[in-house]
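Participant: Below: one structure in C-alpha cells.
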Amino acid sequence: MTTESGPSLIPVTLLTGFLGSGKTTVLNHLVRQPELADALVIINEFGEMALDHLLVAHSTENLVMEMSSGCLCCSIRGDLVKTLRDITWRFSRNGQRQFRRVLIETTGLADPSPIIHTLMTHPQIAPKYRLDGIVTTVDMATGMHTLDQHPEAVKQAAVADALLLTKVDLVSDEQRQALLRRLDRINPAAPRWEVRGGEIAPQKVLNLGLFSADGKTPDVVRWLREEAYAPAHEHAHDHHKHEHQSHDHTAHESHGHHEHDDGHAHESHDHHDVNRHDDHIRAFCFHVDDPIPDEVLTNWLELLMAFVGSNILRVKGILNVEGSAQPIVVHGVQHIFHPPVPLPAWPSEDRRSRLVFITQDVDREVVERTFEALRQALPQAGEPTA
C-alpha cells in the first residue's frame with residue numbers, strides 16, 4: 001500500500017518540549033516571520049503563557065482568531081482530530097484553503113506519539129496531512145534534571161528532527177557539555193540550535209521532512225542522516241567539535257548547529273554517565289546489502305512491532321524491496337508505521353536498504369537477529385528465488 005506522497009499534502013510541524021523549556025517564546029518569535037504568514041497554529045491545550053500578541057480568553061470553547069502577523073491560531077482543549085478535520089473548511093474563502101502549513105504546539109507533559117500516530121494513520125487525517133518535522137525545545141539549565149525525572153522528556157528529545165537548546169546563558173560550560181553528550185546518546189542525528197530570546201530562523205525548523213513544500217526531489221540523505229549513527233571509534237574527535245561550534249556567539253541560531261557526524265562519539269568515556277542517568281536509549285543504523293523479499297520485510301516489521309513496538313521510538317528507512325525498481329521509504333513511531341511510500345528514483349548509486357532506529361531497551365542485536373532468522377526461514381516456506 002502507498003500513500004499520496006509529498007508536496008500536495010499539508011505539512012505539519014510539531015513543536016514539543018518539557019514545561020518551562022521555552023516553546024511559547026519560540027512560537028511567539030516564529031509566528032511573526034514571513035515564512036509563517038501562511039501557517040495555521042494550533043495550541044494543543046492552553047500553553048504555559050498566552051502568545052503575547054493575542055488576547056487568549058479563558059473559555060471552554062475552542063478559540064480561533066487571526067494573529068497580527070496574518071497567520072491563524074486555533075487554541076483547543078478538545079479533540080485534535082476534529083480540529084484537523086475541520087480547519088480545511090473553516091479557514092477557507094471562496095473554496096480556497098487560507099493556510100499552507102500547520103504548526104502544533106503540544107502540552108509540555110505530553111508524549112508526542114499519539115499526535116504523530118494521528119498524522120500517520122487516521123483515515124480522515126493521513127490523506128490530507130504529512131508530518132514535516134518534530135522540533136523539541138530543551139532547557140539547558142534544567143535539562144539534566146528533567147531527563148532524569150520524566151520519561152516523556154526523554155521521548156520528546158529522542159523523536160525530534162531538530163533540537164532547540166534554550167537558556168544557554170544560565171549554565172556553565174561543564175553542565176552544557178554534559179547535557180550535549182547525553183543528547184548524543186538520546187538522538188545523535190537531530191541538528192541542534194542554540195536559541196536566545198526565542199529567536200530561531202524559520203528555515204531551521206521548517207521543511208525537515210522527506211518532502212519539501214516546493215516539490216523538489218525528496219532529500220533522503222538529509223532526512224535519514226545515517227552517518228550520524230556511525231560507531232563511536234570512527235569519530236573520537238567529535239568532542240572537540242562541540243566545543244568549537246558552541247562558543248561562537250555572533251548569531252542567535254547559527255552558532256549552535258551541531259551537525260555532528262557521529263552517533264556514539266562519547267560511548268567509551270561517557271559510559272558511566274549513561275548508566276547513571278539510565279535513559280536506556282539506543283541509536284543505530286541497520287544495513288541490508290541484498291534486495292529484501294517483501295514477505296521477509298512485512299513479517300520482520302510486524303514481529304518487531306508486536307513484541308517491542310512501544311520501545312522502538314522511531315524508525316526511518318529507505319528500502320530495496322525485491323521486485324520494485326523504486327526505493328521504498330518507511331517511517332515508524334513506536335508501534336505505528338506510516339504506509340510505505342515509493343520514491344521516483346534512488347538518491348545515489350547505493351542500493352542498500354538502510355534503516356535508522358532509536359529504541360528504548362531494545363539492542364541492535366535483537367533487530368539484526370530477528371531479521372536474519374526470518375530471512376533464512378521464509379524462503380524455505382515456499383518463497384521462490386529469482
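Participant: Report yes if V321 is aliphatic (A, V, I, L, M) and in contact (Cβ under 8 Å) with a residue 40 or more places away in the chain, otherwise no. Spell out the reasoning first.
Facilitator: On the way: aliphatic (A, V, I, L, M): yes; in contact (Cβ under 8 Å) with a residue 40 or more places away in the chain: no.
When the stated conditions are applied, V321 does not pass them.
Participant: Which one of these is closer than 28 Å to D111 by Cα, over 23 Å from the mean Cα position of the chain (by Cα), not assigned by the TED database to the domain that holds P112 and not small (G, A, S): E322, E365?
Facilitator: Details: E322 fails: closer than 28 Å to D111 by Cα.
Criteria check complete, one pass: E365.
Participant: Okay, next question. Pick out the one residue from L165, L180, L147, L131 that is crowded, with 20+ Cβ neighbours inside 10 Å, in contact with a strand residue (DSSP E or B) (Cβ under 8 Å, 6 or more places away or on another chain), of a type in the set (A, V, I, L, M, F, W, C) and assigned to a helix (DSSP H, G or I). Please lay out each step first, then the result.
Facilitator: On the way: L165 fails: assigned to a helix (DSSP H, G or I); L147 fails: in contact with a strand residue (DSSP E or B) (Cβ under 8 Å, 6 or more places away or on another chain); L131 fails: assigned to a helix (DSSP H, G or I).
Only one candidate passes the filter, namely L180.
Participant: Just checking, does segment 302-317 include any residue being out of contact with any His (no Cβ under 8 Å at 6 or more places or on another chain), open to solvent by 40 Å² or more (accessible area, probe 1.4 Å) and either over 25 Å from I116 (Cα atoms) or part of a loop (DSSP other than H, G, I, E, B) (or both)?
Facilitator: Looking for residues that are out of contact with any His (no Cβ under 8 Å at 6 or more places or on another chain), open to solvent by 40 Å² or more (accessible area, probe 1.4 Å) and either over 25 Å from I116 (Cα atoms) or part of a loop (DSSP other than H, G, I, E, B) (or both), one finds none in segment 302-317, hence no.
Participant: Please state which one of E152, E174 is without any contact (Cβ under 8 Å) to a residue 12 or more places away in the chain, farther than 24 Å from V329 by Cα, in a helix (DSSP H, G or I) and out of contact with any Lys or Arg (no Cβ under 6 Å at 6 or more places or on another chain). Talk me through it step by step, then tell me what you get.
Facilitator: Values: E152 fails: without any contact (Cβ under 8 Å) to a residue 12 or more places away in the chain.
Matching residue, one of E152, E174: E174.
Participant: Which of the residues that make up segment 84-111 are modelled with pLDDT of 75 or more, more than 21 Å from N28 (Cα to Cα) and not hydrophobic (A, V, I, L, M, F, W, C)?
Facilitator: Listed by number, the residues that qualify are R85, D86, T88, N94, Q96, R97, D111.
Participant: I'd like the residue in segment 107-122 that is closer than 21 Å to S21 by Cα and more than 14 Å from the chain's Cα centre (by Cα) and, out of all such residues, is least open to solvent (accessible area, probe 1.4 Å).
Facilitator: Step by step, filter segment 107-122, then rank; the result is G108.
Participant: Taking the condition of being out of contact with any Lys or Arg (no Cβ under 6 Å at 6 or more places or on another chain) and under 22 Å from V333 (Cα atoms), how many residues in segment 132-145 meet it? Step through it out loud before you land on a result.
Facilitator: Residues of segment 132-145 out of contact with any Lys or Arg (no Cβ under 6 Å at 6 or more places or on another chain): 132-136, 138, 142-145.
Adding the requirement that they be under 22 Å from V333 (Cα atoms) leaves 132-136, 138.
Total meeting the criteria: 6.
The rows are residues; the columns are (1) of a type in the set (G, A, S); (2) touching a Cys at 6+ places or on another chain (Cβ under 6 Å); (3) closer than 30 Å to R176 by Cβ.
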residue	(1), (2), (3)
I104	no, no, yes
A110	yes, no, yes
I116	no, no, yes
M120	no, no, no
P123	no, no, no
G133	yes, no, yes
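Participant: Something else now. Going through segment 33-52 one residue at a time, which ones are in a loop (DSSP other than H, G, I, E, B), more than 28 Å from V329 (Cβ to Cβ) and modelled with pLDDT under 85?
Facilitator: Selection gives A37, E45, F46, G47, E48, M49, A50, L51, D52.
The values are calculated or read from the model by the stated rules, or taken from the named source; none is laboratory data. Note that the coordinates shown come from a computational prediction; the quantities given were computed from them, not determined experimentally. Don't worry about glycine lacking a Cβ; one is built from the backbone with ideal geometry, like all the others, and counts go over all protein chains shown. We work out accessible area using only protein heavy atoms, side chains counted, and drop any ligands, DNA or RNA first. Shrake-Rupley method; radii C 1.70, N 1.55, O 1.52, S 1.80 Å.
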